[in-house]
Amino acid sequence: MISSYTKELVEKSSEIRKMFEEGKKLAEKIGKENVFDFSLGNPSVAPPAKVGEAIKDIIDKEAPGFVHGYMANAGHPQVREAIADDLNKRFGTDFDGTDLIMTVGAAGGLNIMMRTLLDPGDEVIVFAPFFGEYRNYIRNFGGNIVVVPADFEDLKLNLKALPDLISEKTKAVIINNPNNPSGVVYGEEEIKELGSILSSAEERIGHPIYVISDEPYRELVYDGVTVPFVTKCIKNSIVAYSYSKSLSLPGERIGYVAIPKQIDDHDAVRDGAIAANRVLGFVNAPSLMQLAIQECIGEKTDVEAYDRNRKLLYNGLVDIGFECIKPQGAFYILLKSPDKDEKVFTETAKNHGILTVAGTSFGCPGFVRIAYCVSEDTIRRALPGFKEVALELGVKKD
Ligand code: PLP
């Protein structure tokens with residue numbers, strides 16, 4: 001018999017995953033070429049060639065026990081140092097290797113941070129719209145999620161609504177920049193303002209509130225937009241990074257957390273996170289991938305390909321008459337459902353072979369997420385289907 005907790009987990013399985021599975025079934029029924037799967041954030045761009053070359057090279061040069069053996073739970077020291085140096089060069093930070101912990105993707109990083117910071121009943125604040133898996137990452141450790149409602153004006157951080165939601169139980173705030181599902185990039189001013197609201201609250205409640213900035217999309221930005229480096233703006237902040245999207249390696253499960261020396265209780269937090277990496281069963285991030293990452297520092301994905309998709313899809317949807325948030329980063333578009341119940345949109349779209357994800361799973365009801373990390377051809381061939389959906393739902397172009 002499984003636990004009631006797990007039973008509920010299975011029953012409420014991720015909407016994104018559900019759509020992905022439905023897509024496979026739909027492909028069997030109407031043919032793969034007639035299914036336009038915009039449900040999953042699986043990069044369509046191949047990893048840079050250097051990744052494969054580095055892996056081959058590492059295997060060829062393998063010294064016994066070096067590549068495939070156990071290591072420190074925080075990861076290979078020389079890899080952490082190389083990443084710290086790169087961050088310092090790019091962002092003017094002062095990390096050293098011991099401030100970094102290699103993790104099993106951003107998901108692994110966020111989970112070890114939640115394990116480190118939360119006692120049962122503690123609260124973690126997230127800003128809607130947010131990556132739905134945060135609910136589980138927080139609940140895994142008996143924490144409670146507290147959602148700051150979205151500011152639909154521009155979907156930036158809704159800082160006006162924040163102060164009333166901070167309590168003595170608040171231990172952390174998770175932000176995601178650039179944002180999945182909105183594609184919005186939070187700017188330096190609002191990040192700094194978030195920091196100042198939190199530091200006043202810390203004085204009031206008598207303990208730190210750590211901002212965990214989840215940044216798998218850091219390098220995926222358009223129109224010259226830049227993502228501020230959170231540790232330069234907020235004292236008690238930690239970065240959870242991943243190479244899943246920036247190097248197209250989601251299946252390889254590799255990322256890191258960067259814990260700057262400036263945070264309160266730095267050593268305790270860092271040592272706690274290393275212990276959490278061990279006891280949660282990650283033990284250490286995949287060794288071969290860590291070593292490959294060291295060789296691939298400075299490698300970039302083809303951001304222009306995502307940008308072409310962004311323009312094609314955004315302009316196409318707006319031309320049809322849909323209201324969309326113009327993304328500045330990541331590879332998602334939020335579309336405002338013409339019907340208040342966005343399930344009406346997702347179901348109608350499914351009838352045309354188009355798979356999208358309901359915004360409710362991102363704390364953003366009334367919206368639909370469309371992932372454009374697909375081929376350009378998929379977008380071109382799907383646009384007539386979107387037009388049919390618009391006609392069926394009575395969307396008129398102004
Ligand atoms: N955070 C956000 C906002 C994401 O979109 C994702 C994956 O799509 C993750 C975390 C998990 O990333 P990873 O594959 O690195 O665990």
Query raised in the report: So which of G359, G329, G385, G321 is on the phi > 0 side of the Ramachandran plot and either modelled with pLDDT of 95 or more or surrounded by fewer than 19 Cβ atoms within 10 Å (Cβ to Cβ) (or both)?
Result: G321
Query raised in the report: Do we have any residue at all in the stretch 334-352 that's acidic (D, E) and closer than 25 Å to V221 by Cα?
Result: no
Query raised in the report: So which residues in the stretch 254-298 are within 16 Å of the ligand (Cβ to nearest atom) and either of a type in the set (S, T, Y) or more than 17 Å from I58 (Cβ to Cβ) (or both)?
Result: G255, Y256, V257, A258, A273, A276, N277, L280, G281, F282
Query raised in the report: Among the residues of the stretch 321-334, is there at least one that is in the same structural domain as E21 (by TED's automatic domain parsing), assigned to a helix (DSSP H, G or I) and out of contact with any Asp or Glu (no Cβ under 7 Å at 6 or more places or on another chain)?
Result: no
**Report entry** Residues of the stretch 91-135 satisfying the condition of being within 13 Å of the ligand (Cβ to nearest atom), within 19 Å of T170 (Cα to Cα), among the hydrophobic types (A, V, I, L, M, F, W, C) and assigned to a helix (DSSP H, G or I)
**Finding:** L110, I112, M113, M114
Report summary line: Contact list, first residue from the stretch 93-116 and more than 12 Å from I238 (Cα to Cα) and surrounded by fewer than 24 Cβ atoms within 10 Å (Cβ to Cβ), second anywhere and small (G, A, S) and modelled with pLDDT of 95 or more, beta-carbon distance below 7 Å, six or more apart or interchain, is D96/A84; G97/A84; V104/A285; R115/A276
Query raised in the report: Regarding T378, is this residue assigned to a helix (DSSP H, G or I) and under 23 Å from A128 (Cβ atoms)?
Result: no
Query raised in the report: Counting only residues that are among the hydrophobic types (A, V, I, L, M, F, W, C) and farther than 12 Å from V230 by Cα, which one in the stretch 187-203 is surrounded by the most Cβ atoms within 10 Å (Cβ to Cβ)?
Result: L198
Query - Breaking point among (1) under 30 Å from E81 (Cα atoms); (2) modelled with pLDDT under 95, for V303 - result: (2)
Report task. Kindly indicate the residue of the stretch 64-86 that is small (G, A, S) and assigned to a helix (DSSP H, G or I) and also surrounded by the most Cβ atoms within 10 Å (Cβ to Cβ) among those meeting that condition. Result -> A84
Report task. Consider M19 carefully, then state whether it is within 26 Å of L249 (Cβ to Cβ), aliphatic (A, V, I, L, M) and either loosely packed, with under 10 Cβ neighbours inside 10 Å or not assigned by TED's automatic domain parsing to the domain that holds R278 (or both). Result -> yes
Query - P260 being under 27 Å from P163 (Cβ atoms), touching an Asp or Glu at 6+ places or on another chain (Cβ under 9 Å), buried (at least 17 other Cβ atoms within 10 Å of the Cβ) and touching a residue at least 60 places away in the same chain (Cβ under 8 Å) - result: yes
Query raised in the report: Out of the stretch 152-191, which residues are part of a loop (DSSP other than H, G, I, E, B) and within 16 Å of the ligand (Cβ to nearest atom)?
Result: L155, L157, N177, P178, N179, N180, P181, S182, G183, V184, V185, Y186
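Residue-wise test of (1) under 22 Å from the mean Cα position of the chain (by Cα); (2) hydroxyl-bearing (S, T, Y); (3) over 16 Å from T356 (Cα atoms); (4) at pLDDT 90 or above.
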residue: Y5; (1), (2), (3), (4): no, yes, yes, yes
residue: K12; (1), (2), (3), (4): yes, no, yes, no
residue: K25; (1), (2), (3), (4): no, no, no, no
residue: L40; (1), (2), (3), (4): yes, no, no, yes
residue: E53; (1), (2), (3), (4): no, no, yes, yes
Report summary line: The condition of being assigned by TED's automatic domain parsing to the domain that holds T93 and without any contact (Cβ under 8 Å) to a residue 12 or more places away in the chain holds, among E203, E219, E215, only for E203
Report summary line: Checking K245, K232 in turn, the sole residue that is among the basic types (K, R), more than 11 Å from the ligand (Cβ to nearest atom) and touching a residue at least 60 places away in the same chain (Cβ under 8 Å) turns out to be K232
Query raised in the report: Which of the following residues is out of contact with any strand residue (DSSP E or B) (no Cβ under 9 Å at 6 or more places or on another chain), more than 29 Å from N284 (Cα to Cα) and loosely packed, with under 12 Cβ neighbours inside 10 Å: K25, K89, K61?
Result: K25
**Report entry** Cβ pairs under 6 Å, 6+ apart, first in the stretch 375-398 and over 19 Å from S337 (Cβ atoms), second among the aliphatic types (A, V, I, L, M)
**Finding:** I379/L312; I379/L313
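The values are calculated or read from the model by the stated rules, or taken from the named source; none is laboratory data. Note that the structure is a prediction, hence the values are computed from the model and not measured. Cβ coordinates were reconstructed from backbone atoms using ideal geometry, including for glycine residues, and neighbour counts include every protein chain displayed.
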